[in-house]
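**Q** The structure follows.
The values are calculated or read from the model by the stated rules, or taken from the named source; none is laboratory data. Being a predicted model, the structure only gives us computed values, none of them experimental. Quick reminder, even Gly has a Cβ in these numbers, built from the backbone with ideal geometry, and neighbours come from all protein chains shown.
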Amino acid sequence: MFKKNVVDGSCCWVVHGSHVEVLDTRTGARRAAWQFGKVTEDAHTRVTCVQELCPPSGAGLAGVGGAGLQLLVGVCNSSPHGLLCVLDVPTAKVTKAVEIPYPVSSLLLTQHIHFFFDQGFFNYGDGVIGPSLCGKLM
């Protein structure tokens, strides 16, 4: 299990195995939750890392208070590949998932990262995502 507060302190995310929960830090109310691997019924699925994504440029204060909060989640399962998934907190849904050739063990992001996704690919970015792939840096 691991957890971390988002940048503005309005909420935090908590990971336990394949579950990610986003909680309001003032009230403790759940804002979003997702269980990775439930659809595929893969009991070996686990979340290995989570990083906060900033709202897209021009979104103004959409990210303040978690309103536009998205989390980049590294996921490993019984396959030899890994996944990078975008969990959209306001809708409590995974909006994008990209398969990576190796299991994802950690993520390194620049301080202000803005990424746009199209057809499952990182289409445009202002920043860098550096996934560590079980000892390999991509």
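**Q** Output the number of the condition that S18 fails; it satisfies all remaining conditions of (1) within 25 Å of S78 (Cβ to Cβ); (2) over 15 Å from the mean Cα position of the chain (by Cα); (3) among the small types (G, A, S); (4) surrounded by 14 or more Cβ atoms within 10 Å (Cβ to Cβ).
**A** Condition not satisfied by S18: (2).
**Q** Restricting to strands (runs of 3 or more DSSP E) lying wholly in the range 70-111: which have 2 or more residues that are surrounded by 13 or more Cβ atoms within 10 Å (Cβ to Cβ), of a type in the set (V, I, T) and at pLDDT below 90?
**A** Of the strands (runs of 3 or more DSSP E) lying wholly inside the range 70-111, those with at least 2 residues that are surrounded by 13 or more Cβ atoms within 10 Å (Cβ to Cβ), of a type in the set (V, I, T) and at pLDDT below 90 span 93-100.
**Q** Something else: Quick check on the range 1-15: of everything there that is of a type in the set (A, V, I, L, M) and either over 11 Å from V47 (Cβ atoms) or at pLDDT below 90 (or both), which residue is surrounded by the most Cβ atoms within 10 Å (Cβ to Cβ)?
**A** Taking the candidates together, the pick is V6.
**Q** With the structure loaded, tell me whether L53 is at pLDDT below 85, surrounded by 18 or more Cβ atoms within 10 Å (Cβ to Cβ) and touching a Phe, Trp or Tyr at 6+ places or on another chain (Cβ under 9 Å) or whether it fails that test. Walk me through it before giving the result.
**A** Working: at pLDDT below 85: yes; surrounded by 18 or more Cβ atoms within 10 Å (Cβ to Cβ): yes; touching a Phe, Trp or Tyr at 6+ places or on another chain (Cβ under 9 Å): yes.
Yes.
**Q** Considering C12, C49, which residue is of a type outside the set (G, A, S) and without any contact (Cβ under 8 Å) to a residue 40 or more places away in the chain? Spell out the reasoning first.
**A** Values: C49 fails: without any contact (Cβ under 8 Å) to a residue 40 or more places away in the chain.
None of the others qualify; the one that does is C12.
**Q** Can you give me the number of residues within the range 25-42 that are modelled with pLDDT of 90 or more and more than 17 Å from the chain's Cα centre (by Cα)?
**A** Residues in the range 25-42 being modelled with pLDDT of 90 or more and more than 17 Å from the chain's Cα centre (by Cα): 5 in total.
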